[in-house]
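A.B. asks: The structure is given below, and queries will be raised subsequently.
What follows draws every value from the coordinates through simple rules; no lab data is involved. This is a predicted model, so every value here is computed, not measured. A quick note on method: Cβ atoms are made from the backbone with ideal geometry, for glycine too, and the neighbour counts reach across all protein chains shown.
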Amino acid sequence: MIQYTVGDGQLDARSFLELVNQVWEGDYDLGRTEQALSRTLNLTARDGGRLVGCLRILTDGYYFGTITELLVLPQYQGRGIGSGLLRLAKEHTPTLLYFGAQPGAEGFYEKNGCSRGLPAYVIERSREPSR
């Protein structure tokens, strides 16, 4: 049975990175991941203690909030876990949430009651320090 937690204080960077690398493989830094997790409201889904899904909300608590990512282990996708995490996000967010969807995932979000909003833009991080 899947157990959902809002504000999961047991979420550690190692288990989060284990999840992330099965969805978006990369070379992520453990320390920077710990810092990132400390700055977000973390909603988790666990199966027998194993982290199988996570949704993170970054917000100022009043004006703005965004879902930084919604991750579900590939072998757990299609079981309603992502929908469950989105439902909890709607119930526990302090603000309206803006977020981008991966191409092809738009139907999932619309099926879960999310509506299309403003177009999104990206500003790439400069590799050279500003002067």
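A.B. asks: Using a Förster radius of 22 Å, what is the FRET efficiency between R50 and S83 based on their Cβ-Cβ separation? Nearest 0.05, please.
C.D. replies: Working: r = 19 Å, r/R0 = 0.87.
Approximately 0.70, to the nearest 0.05.
A.B. asks: Let me ask something else about it. Which one of Y121, Y109, Y98 has the biggest mean-square fluctuation once the chain is modelled by GNM with Cα springs under 10 Å?
C.D. replies: Y121
A.B. asks: So how much slack lies between Y62 and L118, counting 0.36 nm per residue of separation and subtracting their Cα-Cα distance, in nm?
C.D. replies: Values: separation 56, 0.36 × 56 = 20.16 nm, distance 1.92 nm.
Gain on extension, Y62 to L118, equals 18.2 nm.
A.B. asks: So how far apart, in nm, are the two label points at Q10 and A36 if each is 7 Å from Cα heading toward Cβ?
C.D. replies: Going from the Q10 label point to the A36 one covers 2.3 nm.
A.B. asks: Follow-up question, since we're still on this one. Can you give the Rg to Rh ratio of the chain, both from alpha-carbon atoms, with Rh computed by the Kirkwood formula? Provide the component values of the computation, followed by the final result.
C.D. replies: Numbers: Rg = 15.2 Å, Rh = 15.8 Å.
Rounded to two decimals, Rg over Rh is 0.96.
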